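Peer 1: Have a look at this one before I ask anything.
Taken together, the values in this text are just the output of simple stated rules run on the coordinates, not laboratory data. Keep in mind the model is a prediction, meaning the values are calculated, not measured. A quick note on method: Cβ atoms are made from the backbone with ideal geometry, for glycine too, and the neighbour counts reach across all protein chains shown.
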Amino acid sequence: MCFKASLACAGAFAAAAAFTGSAFAAEPAPAPPPPAPVFTWTGLYVGGQIGYAWGQDPVTWLGTANDLDPAAGAFTQSPQGVIGGAHVGYNLQYNPWLVFGVEGSVDGTSLGKTAAVPLIDLQGDTFGSAIFNSNASVQGSIRGRLGVAWDRVLIYGTGGIAFTSFNTTITDTTGFFTGVPGTNTTISNTRAGWTAGGGLEYAITDNWWVRAEYRYSNFGTTTDYPFPGVLPTGGFVAARHHLTENQVQVGFSYRFDWTAPPAAVPVVAKY
């Protein structure tokens, strides 16, 4: 009896162990975690920037008014001021390191300078004076970009077309040009040139970036003709400008993420 009872107990234990093992074997293995998304610089972005600009604007007098000698009419202005605005662009990340892009920007500026200019002849004698007030109220650019990326850090170079609206007010303080002291005139120009520079961007998140950038701009040469038709001698006078500019700016950008993840496929149980 005891032997039979022992056999029965052993059989029951073996059956229980087999059932437990089959139950554990039936449980599926846990799924591995999904891979972390890879950051990319590709996409359309918009943002803002602010900074400081300074430049050089050498001016040369030309003309025949009162026998003004061009060699005696040269001086240089140094406009400077705050510059800030907005930008929009698009990046394409070609591989893990190379990023191509295009960007346009528009800035309002306080860039300007007022200079009192004595008119001095070749013998060193002062024969008149004028006041120049120059300011560039709006600037913009359309540029290409080429960068090298290390994950969320992007170092880039940029270059393209630059333009500015530049205004100059000239006051004939002593009446040398017009015969009437205090006469003034304002000339407005839209100048186009080129710009080049570089910068550094860092992606704080997948969509928000910060940047620091330096650019040099050359807006070419233009000639103003102040006081036309009022010179007492019937001659003309001209002022030739050549504006160049340096600027440093910091800013931020927001990248639009229009690539929605694929919809989840429902799992249908099979019986």
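Peer 1: Using a 7 Å offset from Cα along Cα-Cβ at residue 151, what residues in segment 182-210 end up with backbone N under 19 Å from the label point?
Peer 2: Of the residues in segment 182-210, 200-210 have backbone N under 19 Å from the label point off residue 151.
Peer 1: Given just the C-alpha atoms of segment 43-255, how large is their convex hull per residue in cubic angstrom?
Peer 2: Considering the Cα atoms of segment 43-255, their hull volume per residue is 102 Å³.
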